[in-house]
Amino acid sequence: GPELFSAAQDALALASSDRPIIVLEPAVPETPAERTQRLSRGGPVVDKAIEYLKSRLAEDLSLSDVAAYVNCSPFHLSRLFRLQAGDTFVRCFARLRIDAAKALLRSGNYSVKEAGTMVGFADQTYFARVFKRFEGVSPAEYKAVRHG
């Protein structure tokens with residue numbers, strides 16, 4: 001399936017004549033549901049990356065920045081995010097920012113512009129577009145419904 005093809009592409013990209021790749025299979029075969037459950041738990045590298053992102057939501061962090069922090073290659077971290085977090089690095093970072101913005105908007109203490117800026121969106125139009133993509137409503141609509 002697609003996962004096997006992706007693993008083969010990864011192995012090919014990493015392999016060389018002086019660095020062969022050894023692929024290990026789990027000792028106990030997993031059902032697709034068991035594999036999904038195992039991968040959804042995340043791993044220490046992804047967990048550390050997510051905590052780093054949460055502590056720096058307002059910063060303009062790249063995949064390379066976070067990979068350096070967790071001491072792995074950007075390629076490997078990107079792959080771990082897809083496998084363990086179930087989405088791309090960019091979408092995970094955006095989701096963390098939108099979740100934080102929602103909490104700020106629910107508090108009623110911040111305007112839409114302030115909330116967007118506090119979570120790293122300098123461009124309010126872009127913030128509104130990303131927010132609506134994730135939540136289905138604009139930040140202003142969300143704030144009006146959640147806070148009144």
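The values are calculated or read from the model by the stated rules, or taken from the named source; none is laboratory data. This structure is a prediction, so every number in the text was calculated from the model and none was measured. We place every Cβ from the backbone using ideal geometry, glycine too, and count neighbours over all the protein chains shown. Quick note on the areas: whole protein, heavy atoms, side chains included, nothing else; ligands and nucleic acids left out. Shrake-Rupley method; radii C 1.70, N 1.55, O 1.52, S 1.80 Å.
Descriptive notes on the structure:
- Apart from one condition, N109 fits all of (1) open to solvent by 30 Å² or more (accessible area, probe 1.4 Å); (2) assigned to a helix (DSSP H, G or I); the exception is (2).
- Of the criteria (1) crowded, with 18+ Cβ neighbours inside 10 Å; (2) at pLDDT 90 or above; (3) not acidic (D, E), which one F81 fails: (2)
- Check on Q37, at pLDDT below 90, of a type outside the set (A, V, I, L, M) and either assigned to a loop (DSSP other than H, G, I, E, B) or open to solvent by less than 90 Å² (accessible area, probe 1.4 Å) (or both): no
- Within the range 112-145, the residues that satisfy the criterion of being assigned to a helix (DSSP H, G or I), among the β-branched types (V, I, T) and under 20 Å from R56 (Cβ atoms) are T117, V130.
- Residue that is over 30 Å from E141 (Cα atoms), β-branched (V, I, T) and modelled with pLDDT of 90 or more, where the choices are V23, V28, V70, V45: V70
- Close contacts from the range 107-131, counting a first residue that is modelled with pLDDT under 95 and of a type in the set (S, T, Y) and a second that is buried (at least 17 other Cβ atoms within 10 Å of the Cβ) and in a helix (DSSP H, G or I), with Cβ to Cβ under 6 Å and a gap of 6+ residues or different chains, come to Y110/L104.
- Set side by side, the residues E3, E51 differ, and just one is at pLDDT 90 or above and open to solvent by 60 Å² or more (accessible area, probe 1.4 Å), which is E51.
- Sub-7 Å Cβ pairs linking a first residue in the range 50-67 that is basic (K, R) to a second residue that is surrounded by 14 or more Cβ atoms within 10 Å (Cβ to Cβ) and part of a helix (DSSP H, G or I), at least 6 apart or interchain, are K54/L96, ordered by first then second residue.
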